[in-house]
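What follows is a set of notes on a single structure, which appears directly below.
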Amino acid sequence: MKITTLTNTALMALKTSFSSKEEAIYALTDKLDEAGKLNDKKAFLEAVFAREEEGPTALGEGLAVPHGKTDAVKEASFAVATLKQDLKWKVVDEYEEEEVNLIFLLAIPNAEAGSTHIQVLTELTTTLVDDDIRAAVLNANTADEVLALLDGKKVVKAQVELDKSKPTVVCVTACPAGIAHTYMSAEYLEKAGKKLGVNVYVEKQGANGIEDRLTAAQLNQAVACVFATEVAVKDIERFEGIPRVETPVAEPIKHAERIINQALEAAKNGDSIERVKQTEDAPKKLPIKTELKRALLSGISFAVPLIVAGGSVLAIAVLIAQIFDLQDVYATDGSWLWMYRKLGGGMLGTLMVPVLAAYTAFSIADKPALGPGFAAGLAANLIGSGFLGGVVGGLIAGYVMRWIKENLRLSPAFNGFLTFYLYPVIGTLVVGSLMLFVIGKPVAFLNQGLTDWLNSLSGTNTLLLGAIIGIFVSFDLGGPVNKASYAFCLGAMANGVYGPYAIFGSVKMVSAFTVTFSTMIAPRLFKDFEIEVGKSTWLLGLAGITEGAIPMAIEDPIRVIGSFLVGSVVTGAIVGAAGIGLSTPGAGIFSIFLLHDAGVGSFMAAGIWFGAALLGAIISTAVLISWRARHAKKQNLSSVTAN
């Protein structure tokens, strides 16, 4: 946007003086009110002073940007004051003040708080970070001169060649919103580098992902790095071994030179940590198969906490109802137990698919894909395409938003408008429309077909399905194959088919129990660390966590994984053939009280489900001990022969 359309000559006070911050705000508010920009002057002032209490609006380099976001504003606008004498501008810490000589008072309606406000703030701060422009504004004698300076087009900076005769400092800037401070800090760090004779290269990790990504040459040449961030740094492994200075994202706006000097000192005093030499300027484009797998696993990993928490809360509510005979309370609308039931069920039924879709999309196109991803998940719920629809919708949202990001780009001043308005609105409309009216219906039809097929399984077919799920669960102990079976079982559950998840829940205990049983029965066949691992894996098994068996599997993968698979096939086949169901995921051993008994009774169903896990673990333990004993005997014979 052209920010000069939000002000005019009547809203400017040049080369003036104020005795206090409050006097300056009152004077500029009068100008806005006289120009007809406000509905309620008093309410606007209350909003401005409330914002001053929340945090500093003095941004360094003599610039202050107080602002009020309220419906007391008739139309977005701003007033400007340049000062003959610096004004002490108090910040949150009552003992700290900043010198201010340039004030912009922003008036923003609530409806434009996430768009116009951010655009104006970003444009002003990135324009006025230039010393020459700021000095010219302060020295301007007429309002027209100020308007011309604010309306000037900024020069696009060319990439400067690396000067190997100077020290190089690489930086990352990132603020929670990914807009104003991210770019302002970058500007000040680069400016300080020029003044100090240092190569300073800044990577902005903003709302649209990584911009001006640091090259391999810059990283390899760097003597130090600066993280001016308040969020996690992406691809942080690139900086391994480089001496580091960490600081809040706003700090370089005031003290960029000091931070660069701190980085140079860190380089002199840095530990001799082995540096990882970078060989690529940007990550390789992943093969589509790898990218799809990564996106799906990412979506599932973010959905797992909801599944575990929701399933456990729901399981506890059911247990309380059963133990204390509170089924009537459990079923009564608005009761405390009904609330817990709705809390757990809502996390599973309402949130699970949207979260899955959103973070599948996030894996492909970063933060801008989250909104459209959630929309895709909600659309999947609306049209009944379930878990499968969430996966498809997440992939669609990710690739649509990646295309939009690559093809719809504006200047940095409009990043806020893009990120908080255009991207989510366009993405949600496009992805939502595709899901609701084009792709979603066929996916829902496919989903229903899968459901019908699962419901039709009986006899030998269910036994075979149980055996296959058993193999998948224990094959890589929480890895991609395990996650694939997890996704399948969750999808079946979401469609009202509960047998697969009952199989999954029982088989998950087999590997953990096997590690404990085998190390207790034959400790001489196992190393000390394996015995220690075995002391706790049974607890992890009760919680439904297979990863506890990984240390032993890494040490001896063929025999350990092989033995797990033998017992898991038996467990899966037994539970599958019994027809037992489970409709509450993530409950661990508490699932024993929540089983669908298939007509055999709740106690019998519980006995079959847990007994199958114990039998599978006993079989796996016998196989593992046998294989380990045979291996140990061969080693002893080999050593005797050698002697």
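Annotations
- Residue match in segment 269-276 (condition: in a helix (DSSP H, G or I), hydrophobic (A, V, I, L, M, F, W, C) and either at pLDDT below 90 or within 23 Å of F445 (Cα to Cα) (or both)): no
- Selection within segment 44-57: residues that are farther than 23 Å from N8 by Cα and among the small types (G, A, S). The member of this set that is modelled with the highest pLDDT is A50.
- Among residues of segment 305-318 that are free of Cβ contacts under 8 Å to residues at least 24 places away in the same chain, none has a beta-carbon under 6 Å from a residue that is assigned to a helix (DSSP H, G or I) and open to solvent by 40 Å² or more (accessible area, probe 1.4 Å) at least six positions away or on a different chain.
- Selection within segment 245-269: residues that are under 26 Å from the mean Cα position of the chain (by Cα) and among the charged types (D, E, K, R). The member of this set that is most open to solvent (accessible area, probe 1.4 Å) is E246.
- Pick from segment 27-49, criterion more than 20 Å from V120 (Cα to Cα) and either aliphatic (A, V, I, L, M) or in a helix (DSSP H, G or I) (or both), ranking: farthest from the chain's Cα centre (by Cα): E34
- Unique match (being modelled with pLDDT of 85 or more and in contact with a helix residue (DSSP H, G or I) (Cβ under 6 Å, 6 or more places away or on another chain)) among A180, A135, A192, A222: A192
- Any hit, segment 115-127, residues being at pLDDT below 90, open to solvent by 30 Å² or more (accessible area, probe 1.4 Å) and of a type in the set (D, E, K, R): no
- Scope segment 38-51; condition closer than 14 Å to F104 by Cβ and open to solvent by less than 30 Å² (accessible area, probe 1.4 Å); matching residues: V48
- Scanning segment 319-335 for residues that are within 14 Å of A587 (Cβ to Cβ) and open to solvent by 30 Å² or more (accessible area, probe 1.4 Å) turns up I320, Q322.
- Residue within segment 59-76 that is outside any strand (DSSP E or B), among the basic types (K, R) and modelled with pLDDT of 90 or more present: yes
- A search for C-beta distances below 7 Å between a residue of segment 7-34 that is in contact (Cβ under 8 Å) with a residue 40 or more places away in the chain and closer than 13 Å to V80 by Cβ and any residue that is surrounded by 14 or more Cβ atoms within 10 Å (Cβ to Cβ) and among the hydroxyl-bearing types (S, T, Y), counting only pairs 6+ apart in sequence or on different chains, returns T7/S77; L11/S77; L14/T82; K15/T82; L32/S77.
- The set of residues from segment 155-177 being at pLDDT 85 or above and either surrounded by fewer than 16 Cβ atoms within 10 Å (Cβ to Cβ) or not in a strand (DSSP E or B) (or both) comprises K166, P167.
- In the set (1) in contact with an Asp or Glu (Cβ under 6 Å, 6 or more places away or on another chain); (2) modelled with pLDDT under 90, the condition left unmet by A207 is number (1).
- Yes/no for I589 being hydrophobic (A, V, I, L, M, F, W, C) and buried (at least 19 other Cβ atoms within 10 Å of the Cβ): no
- Hits in segment 528-541 (condition: touching a residue at least 24 places away in the same chain (Cβ under 8 Å) and touching a Ser or Thr at 6+ places or on another chain (Cβ under 7 Å)): E530, T537, W538
- Selection within segment 514-530 - part of a helix (DSSP H, G or I), surrounded by fewer than 18 Cβ atoms within 10 Å (Cβ to Cβ) and at pLDDT below 90: D528, F529
- For the criterion of being at pLDDT 85 or above and either assigned to a helix (DSSP H, G or I) or buried (at least 18 other Cβ atoms within 10 Å of the Cβ) (or both), G572 passes.
- Being surrounded by fewer than 24 Cβ atoms within 10 Å (Cβ to Cβ), at pLDDT below 85 and part of a helix (DSSP H, G or I) is not true of F437.
- Residue among A13, A24 that is over 24 Å from I253 (Cβ atoms), touching a strand residue (DSSP E or B) at 6+ places or on another chain (Cβ under 7 Å) and either open to solvent by less than 30 Å² (accessible area, probe 1.4 Å) or outside any helix (DSSP H, G or I) (or both): A13
- Test result for S485, more than 29 Å from G579 (Cβ to Cβ), among the small types (G, A, S) and part of a helix (DSSP H, G or I): no
- Members of segment 455-508 that are at positive phi and either more than 31 Å from the chain's Cα centre (by Cα) or among the aliphatic types (A, V, I, L, M) (or both): G459, L477
- Residue count for segment 225-244 satisfying the condition of being in a strand (DSSP E or B) and open to solvent by 20 Å² or more (accessible area, probe 1.4 Å): 2.
To keep it simple, each residue is scored yes or no on (1) of a type in the set (A, V, I, L, M); (2) outside any loop (DSSP other than H, G, I, E, B).
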{"position": "D328", "(1), (2)": "no, yes"}
{"position": "L337", "(1), (2)": "yes, yes"}
{"position": "T360", "(1), (2)": "no, yes"}
{"position": "A369", "(1), (2)": "yes, yes"}
{"position": "F374", "(1), (2)": "no, yes"}
{"position": "A380", "(1), (2)": "yes, yes"}
{"position": "V391", "(1), (2)": "yes, yes"}
{"position": "I404", "(1), (2)": "yes, yes"}
{"position": "R409", "(1), (2)": "no, no"}
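- Count of residues meeting criterion [touching a residue at least 60 places away in the same chain (Cβ under 8 Å), part of a helix (DSSP H, G or I) and touching a helix residue (DSSP H, G or I) at 6+ places or on another chain (Cβ under 6 Å)] in segment 542-566: 8
- Filter result for I580 (buried (at least 23 other Cβ atoms within 10 Å of the Cβ), among the β-branched types (V, I, T) and touching a helix residue (DSSP H, G or I) at 6+ places or on another chain (Cβ under 9 Å)): yes
The values are calculated or read from the model by the stated rules, or taken from the named source; none is laboratory data. Just so you know, these numbers come straight off a predicted model, no measurement behind them. In this analysis, Cβ positions are derived from the backbone assuming ideal geometry, glycine residues included, and neighbour counts consider all displayed protein chains. These accessible areas exclude ligands, DNA and RNA; they are computed on the full protein's heavy atoms, side chains included. Shrake-Rupley method; radii C 1.70, N 1.55, O 1.52, S 1.80 Å.
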